[in-house]
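*Asks:* Input: one structure, supplied below.
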Amino acid sequence: MNKKGLLLILATALISGFSVFINKYGVALANANIFTFAKNTLVALTLTALLLALKKLPALRSLNRRQWGRLALVGLIGGSIPFLLFFKGLAMTSAAQGAFIHKTMFVFVAVLAAIFLKEKINKNFLIGGLLLLLGNLLALKSFNFSFGLGDGLILLAVLFWAAENVLAKYILRDLSGNLVAWGRMFFGAIFIFGYLAVVGQAPQLLTIDAAQVGWIAITSILLFGYVITWYNGLKHIPVSLAATILALGSPITTWLTALNTGKLAAREMYSGILIVCGLILITSFDWLWKRAKKYVRL
């Protein structure tokens, strides 16, 4: 297993868990579409500055038409459509149900990766994946799960993100992680702005106040760290494994909240344990088993 890729994806999971925790205390815009566009645009500009600083603009100019098309597709199915679907769905269902559906993304990524990238799904992944699902299910405040239109929109967003991850893994064979991250955010911002213009929401960009600008800046920093670590890490490890490691973000958020409030419910503790055990089984079981057998022989 590539250690660099693994460490980068672990950093992505850490940023993800921290971002969810921070978002609970931020002052977001009333219109989630405006908020998403503003964040994506700021991150796209930051990534453009990074490419300039690293003198990577010649790499952009050398892209052929097919590569440009694939980057635009990543922006469409990863950086725009699913965000619009997700926030619309979240307004129609509970946050807990939305979070659970989102956490099932690794299942769809694994299936798509097995079909299109020929990644193998072994028994450790199946058992560990079941533990991840149980852990996230346990995090629900209620097991009275009713699937409505909002849940369907979130599920559709998850399917778009799963497809984008698999596509990104494919084009990372030829492109750098920074370029793919830039494509996702740059084209994603363009597509979202087009949507805002069509539905007449674009003028709301002029109503953003100073407090909201500050919050956009904070969340953009986290989003920048997320996409940089994610796509650069994804270049080095299987996408099914990377998507699974992201599940670590859930217990990280729970533990940060517990440290802040001084309270940790038993259900949340057991949920975190199940998720961590599932991740260990998927990522490290073979290594731990070999070490254990070696120790027994000694």
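The values are calculated or read from the model by the stated rules, or taken from the named source; none is laboratory data. This structure is a prediction, so every number in the text was calculated from the model and none was measured. Reconstructed Cβ throughout: ideal geometry from the backbone, glycine too, with neighbour counts over all protein chains shown.
*Asks:* So K55 clears everything in (1) in contact with a Leu (Cβ under 6 Å, 6 or more places away or on another chain); (2) part of a loop (DSSP other than H, G, I, E, B); (3) of a type in the set (K, R) except one condition, right? Which one?
*Replies:* (1)
*Asks:* Same structure again: Among (1) at pLDDT below 90; (2) surrounded by 21 or more Cβ atoms within 10 Å (Cβ to Cβ); (3) farther than 18 Å from A247 by Cα, there is one condition A168 misses while meeting the rest; what is its number?
*Replies:* Exception for A168: condition (1).
*Asks:* Between residues in region 1-29 that are in a helix (DSSP H, G or I) and at pLDDT below 85 and residues that are loosely packed, with under 15 Cβ neighbours inside 10 Å and among the acidic types (D, E), which pairs lie under 9 Å by C-beta distance while being six or more apart or on different chains?
*Replies:* none
*Asks:* So which of A157, A243, A217 is under 25 Å from T48 (Cα atoms) and either of a type outside the set (D, E, K, R) or part of a helix (DSSP H, G or I) (or both)?
*Replies:* Values: A157 fails: under 25 Å from T48 (Cα atoms); A243 fails: under 25 Å from T48 (Cα atoms).
Going through A157, A243, A217 in turn, just one is under 25 Å from T48 (Cα atoms) and either of a type outside the set (D, E, K, R) or part of a helix (DSSP H, G or I) (or both): A217.
*Asks:* For region 119-132, does any single residue satisfy the condition of being surrounded by 15 or more Cβ atoms within 10 Å (Cβ to Cβ), of a type outside the set (S, T, N, Q), modelled with pLDDT of 90 or more and more than 24 Å from G272 (Cβ to Cβ)?
*Replies:* The answer is yes; a qualifying residue exists.
*Asks:* If you don't mind, another one. Of the residues that make up region 147-154, is at least one closer than 25 Å to V227 by Cα and either modelled with pLDDT of 90 or more or assigned to a loop (DSSP other than H, G, I, E, B) (or both)? Spell out how you get there, then give the answer.
*Replies:* Taking region 147-154 as the starting set, the residues that turn out to be closer than 25 Å to V227 by Cα are 153-154.
The next check asks that each one be either modelled with pLDDT of 90 or more or assigned to a loop (DSSP other than H, G, I, E, B) (or both); those that pass are 153-154.
The answer is yes; a qualifying residue exists.
*Asks:* Take the residues of region 40-69 that are buried (at least 20 other Cβ atoms within 10 Å of the Cβ) and either more than 15 Å from the chain's Cα centre (by Cα) or at pLDDT 95 or above (or both): which is farthest from Q201 (Cα to Cα)? Please lay out each step first, then the result.
*Replies:* The first filter runs over region 40-69 and keeps only residues buried (at least 20 other Cβ atoms within 10 Å of the Cβ), leaving 40-44, 47.
After this cut, where a residue has to be either more than 15 Å from the chain's Cα centre (by Cα) or at pLDDT 95 or above (or both) as well, the list is 41-44, 47.
On the way: T41: 16, L42: 19, V43: 21, A44: 21, L47: 26 Å.
By that ranking, first place goes to L47.
*Asks:* I would also like to ask the following. Please go through (1) among the small types (G, A, S); (2) surrounded by 15 or more Cβ atoms within 10 Å (Cβ to Cβ); (3) closer than 21 Å to F160 by Cβ for G194 and return the number of the only condition it doesn't satisfy.
*Replies:* (2)
Listed here are the residues, each with its yes/no results for (1) among the aliphatic types (A, V, I, L, M); (2) out of contact with any Gly (no Cβ under 6 Å at 6 or more places or on another chain); (3) more than 29 Å from I121 (Cα to Cα); (4) at pLDDT 85 or above.
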position: G214; (1), (2), (3), (4): no, yes, yes, yes
position: V239; (1), (2), (3), (4): yes, yes, no, yes
position: A243; (1), (2), (3), (4): yes, yes, no, yes
position: L248; (1), (2), (3), (4): yes, yes, no, no
position: T261; (1), (2), (3), (4): no, yes, yes, no
position: A266; (1), (2), (3), (4): yes, yes, yes, no
position: M269; (1), (2), (3), (4): yes, yes, no, no
position: I275; (1), (2), (3), (4): yes, no, no, yes
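*Asks:* Determine, yes or no, whether G75 is over 29 Å from N178 (Cβ atoms) and either crowded, with 18+ Cβ neighbours inside 10 Å or touching a Pro at 6+ places or on another chain (Cβ under 6 Å) (or both). Lay out the reasoning, then the answer.
*Replies:* Working: over 29 Å from N178 (Cβ atoms): no; either crowded, with 18+ Cβ neighbours inside 10 Å or touching a Pro at 6+ places or on another chain (Cβ under 6 Å) (or both): yes.
For G75, the condition - over 29 Å from N178 (Cβ atoms) and either crowded, with 18+ Cβ neighbours inside 10 Å or touching a Pro at 6+ places or on another chain (Cβ under 6 Å) (or both) - is not met.
*Asks:* Taking L45, is it farther than 26 Å from R173 by Cβ and without any contact (Cβ under 8 Å) to a residue 24 or more places away in the chain?
*Replies:* On the way: farther than 26 Å from R173 by Cβ: yes; without any contact (Cβ under 8 Å) to a residue 24 or more places away in the chain: yes.
Taking the combined requirement at face value, the residue satisfies it.
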